[in-house]
Amino acid sequence: YRANVLQALQGIAARGGHPLLLLSARPYTGGDALGWWQQAGQAAHIVREVYFPAPPLMRTGVVLASRTMRQKFRQGLAPLLKAGIAPDRLGLVIGFHSGPGKGGREGLQPTATWLRFAKLQTLAAKQVASELKIGSVVSWGWGTFDQAGADVDKPKAACVYLWARDSKLCDGPLAAGA
């Protein structure tokens, strides 16, 4: 299986593509797996998925929530950095899901708290990316794939996310309102 994945990544890269290998769990880097991860990191960007359920995190307060997110992002990337993968070949995926059981909003109310979470998560990823010199931060979870994930506040959260990345991309304070 690993050989097939590596061959696919190398084939995409050889044709001028920029493959992203999403990694949802801590990688095993023992034995011959270490060499595989190093080769995969040369062919593709390895993008670590680190998701948070917003309600329990926000109950801790903004300072602790922000610190926790930064620590979890660093912990998610640490094994890959230790494996010798170049930081610019690594990335983070942050999620903005709304449906129950998927992390993200998970029913967090009021809207202002959800938007604050979106800002804090984005700023935490931005800080860790800058600190570790990683190559990318990707977001997802914006789509609505079923009724449970329908969220009228997603456009506001998306604007706050863009604003937190670069204030020229969207007027987050205006979208968030009072």
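The values are calculated or read from the model by the stated rules, or taken from the named source; none is laboratory data. Owing to the predicted nature of the structure, the values given are computational and were not obtained by experimental measurement. Neighbour counts run over all protein chains shown; Cβ positions are idealised from the backbone, glycine included. The area values use the complete protein model at the heavy-atom level, side chains included, leaving out ligands, DNA and RNA. Shrake-Rupley method; radii C 1.70, N 1.55, O 1.52, S 1.80 Å.
Odds and ends about this structure:
- Segment 69-178: relative contact order as a whole-number percent, Cα under 8 Å and 6+ apart: 29 percent
- Residues of segment 5-29 with an amide N closer than 20 Å to a point placed 7 Å from the Cα of Leu81 along the Cα-to-Cβ direction: 21-29.
- Against the chain, whose longest principal axis is taken from its Cα atoms, helix 111-132 shows a tilt of about 30°.
- Fluctuation leader among Pro53, Pro110, Pro87 - the chain, Gaussian network, Cα springs under 10 angstrom: Pro110
- Considering only Ala13, Ala86, Ala118, the Gaussian network model of the chain with Cα springs below 10 Å gives its largest mean-square fluctuation to Ala13.
- Average accessible surface area per residue within segment 1-158, 1.4 Å rolling probe, Å²: 51 Å²
- Within a Gaussian network of the chain (alpha carbon springs, distance under 10 Å), most fluctuating of Asp166, Asp151, Asp88: Asp166
- Note on the chain: helix-only mean residue ellipticity at 222 nm, from DSSP H runs of 4+ residues weighted -39500 (n - 2.57) and normalised by residue number, equals -16000 deg cm²/dmol.
- For segment 80-142, the pair-distance distribution built from all alpha carbon pairs, in bins 10 Å wide starting at 0, is 21, 43, 26, 10, 1 percent.
- Taking only the C-alpha atoms of segment 71-178, the Rg (one decimal) and the largest Cα-Cα distance, Dmax (whole number), read 14.8, 46 Å.
- One quarter of the surface of the convex hull around the alpha-carbon atoms of segment 27-91 equals 4.8 nm², the direction-averaged projected area.
- Partner lysines whose Cα lies under 18 Å from the Cα of Lys156, excluding those fewer than 8 positions away in the same chain, are identified as Lys119, Lys168.
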